[in-house]
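S.K.: Starting off with a structure, shown below.
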Amino acid sequence: MSEVALVVLAVAVAGGFGLLIGNLHWRGIGLGIGGVLFAGIAVGHAAEATGLHPDPAMMEFIREFGLILFVFSIGIQVGPGFFAALQSTGLRLNLAAGAIVVLGVAVTVALHAVAGTPLPVLLGLMSGAVTNTPGLGAVTQVLKDAGADPAVLALPGLGYAVAYPFGILGTLIAMLALRGALRISLPAEAAAFDAARRAGAAALPVMNVEIRNPNIAGLRLGAVPDLFDAGVVASRMRKAGGLVVPGRETLAEIGDVLHLVGPADRLRAMQIILGAEVEAALTTRGTALTWGRVIVTRKKLLGRRLGALALADSHGVSISRIDRAGVELPAQAESVLQFGDVLTVIGPPEGLKAVRAILGDERHALEEVQFAAVLFGIALGVALGSLPILLPGLPAPLKLGLAGGPLVVALILARIGHLGPLVWYMPPVANQALRELGIVLFLSVVGIKAGGRFIETLVHGDGLVWMAQGVLITLIPLLVVGFAARLLFGFNYLTLCGVMAGSMTDPPALAFASGMSPSAAAAIGYAAVYPLVMCLRILAPQVMLILLAS
């Protein structure tokens, strides 16, 4: 059998059986993608026993290329919401998740000092204990750049494999321990979360306001302070003659009712200016107006400001909100259009039809993968990851590596959206496919490389000691931060469960948390912290290796 055929056979068998193993569940808990690692270990053990050794250079290429595909796809996926997650409520959640990461690093450093466990093993344990595969990739890359021999390069994979199973279970145990010790009522937490969400600005709320201020009567709506340019959008207006689309030149009269969209605090401020909130149905049903969602797919409009299109003046329509990667934004004149933005448009049918023609609204375009943009983005990420970065206090330059470079570049490019003809948008199905292919390739190779020594290490070596250390790295940060966040800072329990799952980049834990209540609290907490945590999990092992190995 040729070397190429042997490598492809080993990786394909490990990946295929691993996915089947990962799909097995017991009471909703399974290994997930981690099953590929253990299947790879079995293949590696069999290869060692039979004397068949896949070509190391080919295996290394597959491992690194899989890692690049995985982290770049993650960056493209979470990029649009990454920076928004660092603001307001998201900042509080990210501080808690960041504390879990930092405390996990502290526990790892303490174990290195007290137990004398080799640093490559501990860094693999840390990645496995938090089920973070890109972190393992970062460790492997830094060791490789440092010229470590193959035996040392296999140690992080061994540590990862030993710690991974409890990394999944440990998060669930911490959630249950928190709930039992503090006697938390899940229905009460769900109700509290829903009440807080309605009172805040997590989503774009609406308000119907009747004009009762005599100082407003007779004014153009464009002359009302902050009505059009401060985050509030007037999408519909009921006048004596029926429902109309309000514009800047529309005259306000006592008794007119405006349907306003925007953040809750700004809606309340506008209500104080205009008059009083009323319960009125300003539906387009049975009127000359209609509404629809229009997708921005015309490339020549990307980067243009919404106000520059003059859609309200030209076609008599109002745009109330922009949905960008699942995040609702108020539609403002200064809003910059990106590919895939979904605009909510209200107006006459002919106006809506004209807007669809202008913006594109070609849904099939959302299913196309912009491979040129993907490849150029990967090239930029690899280049950035190869650059040494000098930071004060570090004895050696830091490299983002093949795990960090593509991730950072993907986050930035997804936020930018486009550059000339290149559009960094990836259909969700394609993103998931590339992400899963990448992680399967990576974990297959990591498992195969570790498989030759895994059983021996677990049975005759320090495997059980390493497993115990992995338990400490998993549980201590979760329990300390979990109790502190709940008792000292009053975190909602369901949201906190999402934060805990996100801090461990652990989808099975999110599924478990979401199964406790139909509330969206856990999912929102997970999504808010995941992007930042992923970056920290990739950078932390590199910094530790540079500092502790010097």
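S.K.: Hey, among the residues in the stretch 520-533 that are at pLDDT 80 or above and open to solvent by less than 20 Å² (accessible area, probe 1.4 Å), which one's nearest to residue 113 (Cα to Cα)?
M.R.: Only one residue fits best here, namely 533.
S.K.: I'd like to check which helices (runs of 4 or more DSSP H) are fully inside the stretch 107-214 and have at least 2 residues that are within 27 Å of residue 547 (Cβ to Cβ).
M.R.: Here the list reads 119-129, 133-145, 150-182.
S.K.: For residues that are β-branched (Val, Ile, Thr) and more than 9 Å from residue 14 (Cα to Cα), scanning just the stretch 35-70, find the one that is surrounded by the most Cβ atoms within 10 Å (Cβ to Cβ).
M.R.: Per the stated criteria, the residue is 68.
S.K.: With 428, 392 as the choices, which residue is under 21 Å from the mean Cα position of the chain (by Cα), open to solvent by 50 Å² or more (accessible area, probe 1.4 Å) and at pLDDT below 80? Quick ask: steps written out before the conclusion?
M.R.: Numbers: 392 fails: under 21 Å from the mean Cα position of the chain (by Cα).
After applying the criteria, what remains is 428.
S.K.: Can you give me the ranges of the strands (runs of 3 or more DSSP E) entirely in the stretch 267-349 with at least 1 residues that are at pLDDT below 85 and either open to solvent by less than 20 Å² (accessible area, probe 1.4 Å) or of a type in the set (A, V, I, L, M) (or both)?
M.R.: Counting at least 1 such residues, we get 318-324, 327-330.
S.K.: Those residues that are exposed (fewer than 14 other Cβ atoms within 10 Å of the Cβ) and at pLDDT below 90, I need them from the stretch 373-389; list them, please.
M.R.: If the condition is that a residue be exposed (fewer than 14 other Cβ atoms within 10 Å of the Cβ) and at pLDDT below 90, then 386, 387, 388, 389 are the ones that fit.
S.K.: Let me ask something else about it. Could you list, in sequence order, the residues of the stretch 451-485 that are surrounded by fewer than 17 Cβ atoms within 10 Å (Cβ to Cβ), modelled with pLDDT of 95 or more and not aliphatic (A, V, I, L, M)?
M.R.: Result: 483, single match.
S.K.: For residue 416, are the conditions met, namely being at pLDDT 80 or above, over 29 Å from residue 264 (Cβ atoms), open to solvent by 20 Å² or more (accessible area, probe 1.4 Å) and touching a His at 6+ places or on another chain (Cβ under 9 Å)?
M.R.: So residue 416 does not fit the description; no.
S.K.: Same structure again: Would you mention how many residues in the stretch 94-143 are under 21 Å from residue 407 (Cα atoms), of a type outside the set (A, V, I, L, M) and in contact (Cβ under 8 Å) with a residue 60 or more places away in the chain?
M.R.: Summing the residues that are under 21 Å from residue 407 (Cα atoms), of a type outside the set (A, V, I, L, M) and in contact (Cβ under 8 Å) with a residue 60 or more places away in the chain in the stretch 94-143 gives 12.
S.K.: For the stretch 116-123, indicate whether the set of residues that are more than 30 Å from residue 243 (Cα to Cα), loosely packed, with under 14 Cβ neighbours inside 10 Å and either modelled with pLDDT under 90 or touching a Pro at 6+ places or on another chain (Cβ under 8 Å) (or both) is non-empty.
M.R.: So far as the stretch 116-123 goes, yes, one or more of its residues are more than 30 Å from residue 243 (Cα to Cα), loosely packed, with under 14 Cβ neighbours inside 10 Å and either modelled with pLDDT under 90 or touching a Pro at 6+ places or on another chain (Cβ under 8 Å) (or both).
S.K.: For the stretch 355-379, how many residues meet the condition of being farther than 27 Å from residue 402 by Cβ, small (Gly, Ala, Ser) and free of Cβ contacts under 8 Å to residues at least 40 places away in the same chain?
M.R.: 1
S.K.: Restricting to the stretch 485-523, what's the tally of residues that are under 16 Å from the mean Cα position of the chain (by Cα) and part of a loop (DSSP other than H, G, I, E, B)?
M.R.: Number of matching residues: 4.
S.K.: I'd like to verify a number: residues in the stretch 350-369 that are open to solvent by 40 Å² or more (accessible area, probe 1.4 Å), of a type outside the set (Val, Ile, Thr) and over 18 Å from residue 417 (Cα atoms), how many?
M.R.: Adding up the residues that qualify gives 5.
The values are calculated or read from the model by the stated rules, or taken from the named source; none is laboratory data. This one's a predicted model, so the numbers in the text were calculated from it and none came from an experiment. Note that each Cβ is placed from the backbone with ideal geometry, even for glycine, and that neighbours are counted across all protein chains shown. Accessible surface areas use protein heavy atoms only, side chains included; no ligands, DNA or RNA. Shrake-Rupley method; radii C 1.70, N 1.55, O 1.52, S 1.80 Å.
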